[in-house]
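Below: the structure, in structure tokens.
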Amino acid sequence: MINTSSSRDHLSERLRDLFASYPDVREIRMFGGISFMVNDRMAVAADRAGDLLVRTNPADYNEFLRRGAVPALMGQDKPMGRGWLTVPRHQLDDDAELAYWVNVGIDSGAPAPETSVGDESVQAQATSGPAPSSRTGPGTGSPTPDARRRRTPDTAPHVLTGASDTAR
């Protein structure tokens, strides 16, 4: 019989090593696993069995299934949807493969790429959004969570590569 908590703990240590150079990471214990939050969004989680739960971009779901991930389930048989996948622990032995899946989880929470048009940058619209008066919560007059969260250079996407990131 495999000791599942040691499998989860081993994977969590490897994830901590990968996230060591990332600026805004929190760990949260939930549902018997350890989740890694990046910029206040869950990117990945080490589950009880040592498998990796990964947040994904639903548009890339089938590509990730072909790479070896499996649909994530809540409990025994309820699919979590196209935004979540599980990577079985036997596929995570290689540090580069683990780094790949961590980047998938991080990238799933990144904004769309920014482009420039003429003299005006679309980036300005993407970061500032609509006028503040249209960014309030229903009937509250307070900003929505999206309006309060701003990406700054220190929270820009950071690519993890495995061994080279852990050497720092």
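Along the axis of the charge dipole computed for region 1-67 (Cβ charges of +1 for Lys and Arg, -1 for Asp and Glu, origin at the Cα centre), the listed residues 58, 21, 39 are led at the positive end by 58.
For residue 42, no residue whose modelled amide H falls within less than 5 Å of its own remains once neighbours fewer than 5 places apart on the same chain are excluded. Subtracting the Cα-Cα distance of residue 80 and residue 10 from their residue separation scaled by 0.36 nm leaves 22.7 nm.
Assign one of three labels to region 1-99, namely rounded, prolate or oblate, based on the Cα gyration tensor with a ≥ b ≥ c the square roots of its eigenvalues; rounded applies when a/c is under 1.5, prolate when it is not and a/b is larger than b/c, and oblate otherwise. Taking the square roots of the gyration eigenvalues as a ≥ b ≥ c, region 1-99 is rounded. As a proxy for reagent exposure, ranking 36, 64, 31 by other Cβ atoms within 10 Å from fewest up yields 31, 64, 36. Its Cα centre serving as origin, region 12-101 has a Cβ charge dipole (Lys and Arg +1, Asp and Glu -1) of approximately 320 debye.
Coordinate-derived values only; no laboratory data. Being a predicted model, the structure only gives us computed values, none of them experimental. Glycine also receives a Cβ, built like all others from the backbone with ideal geometry; neighbour counts cover every protein chain displayed.
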